[in-house]
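See structure below.
All of the numbers you see were taken from the coordinates with simple rules; none came from a lab. Keep in mind that what you see is a predicted model, and the values were worked out from it rather than measured. Cβ atoms come from the backbone with ideal geometry, glycine included; neighbour counts cover every protein chain shown.
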Amino acid sequence: MTETPIKISTIRLGSDWFSLAYTHDLRLIANSIPSTSPEESHASLIKSLRIRNVREYSESVPDPKIVDQFTSALDSGVEHINLSYDGMPQFQKRVLAITAMIPKGMVATYRSIAAALGKPNGQRAVGNALARNPFPVIIPCHRVIRSDLSLGGYSGTGGAKIKESLLIREGVKIQNGRVMERFLLASDMLSYRSSLCP
């Protein structure tokens with residue numbers, strides 16, 4: 001993917017552990033899902049690094065700047081951190097860019113993202129792109145659900161259970177395994193947001 005040496009660090013934010021992989025110039029390569037232990041977060045990160053074909057890295061004390069950027073991005077979005085998209089297919093970059101625009105407390109469907117990308121039957125491709133998201137929570141793939149408002153899958157450890165937990169933390173109401181319709185981002189709003197993507 002890149003010849004730049006990759007550092008990996010594990011941090012604790014509140015009750016959650018995160019592991020981060022980043023370059024010397026503080027570009028985030030991947031991060032873990034929020035985890036209950038440093039070991040679990042480390043395993044989650046290594047899975048993402050394998051998907052990105054990163055095999056060489058060194059353990060490092062967390063750089064305070066990347067910790068600040070990561071914390072800001074968790075609170076306020078991707079504009080607060082420099083993400084590395086090196087080696088990603090263009091379609092995946094576009095899916096991630098649209099997903100990053102789904103506001104906290106809202107959800108969108110795989111189908112609506114596909115339609116916004118001009119691929120009305122491309123929901124499976126959107127799902128596959130999100131399954132390879134190296135920046136979970138920062139790029140909130142947990143906010144993407146099925147058209148019937150059921151949660152769908154989640155590639156992190158714990159699957160749909162962690163997805164549900166993340167959504168509930170953000171104020172999304174779920175009844176009988178389905179997101180309540182009032183939390184669904186309107187398709188025209190998603191299409192407008194996608195027009196702002198590169």
Could you give the length gained by full extension between Arg178 and Asp75, i.e. 0.36 nm per residue of separation minus their alpha carbon distance, to one decimal place?
34.6 nm
Mind running the shape call on segment 47-137? Use the C-alpha gyration tensor, a ≥ b ≥ c as the square roots of the eigenvalues: rounded below 1.5 for a/c, prolate if a/b tops b/c, oblate otherwise.
oblate
Based on the alpha-carbon set only, what is the convex hull volume of segment 90-195 divided per residue, in Å³?
86 Å³
Take the chain, connect every pair of alpha-carbon atoms lying under 10 Å apart with a spring to form a Gaussian network, then pick out the residue of Leu13, Leu83, Leu151 with the largest mean-square fluctuation.
Leu13
In Å and whole numbers, how far do the C-alpha atoms of segment 6-83 stretch along each principal axis, longest first?
30, 28, 22
The Cα extents of the chain along the principal axes, largest first and rounded to whole Å, are 44, 34, 25
Dipole magnitude of segment 6-83 about its Cα centre (Cβ charges: Lys, Arg +1; Asp, Glu -1), debye to nearest 20:
300 debye
Among Pro64, Pro136, Pro120, determine the one that fluctuates most according to a GNM of the chain built with springs between C-alpha atoms less than 10 Å apart.
Pro64
Quick one: which residues, 5+ away or cross-chain, put their amide H under 5 Å from the amide H of Asn82? H built at 1.01 Å from N.
Leu28
Only four residue types carry charge here, +1 at the Cβ of Lys and Arg and -1 at the Cβ of Asp and Glu. Report the dipole size of segment 90-195 about the Cα centre in Debye, rounded to the nearest 20.
160 debye
Indicate, rounded to the nearest 5 percent, the antiparallel portion of the DSSP beta bridges found entirely in the chain.
65 percent
For Thr109, other-chain or 5+-apart residues with amide H closer than 5 Å (H placed, Pro excluded) are Ile145
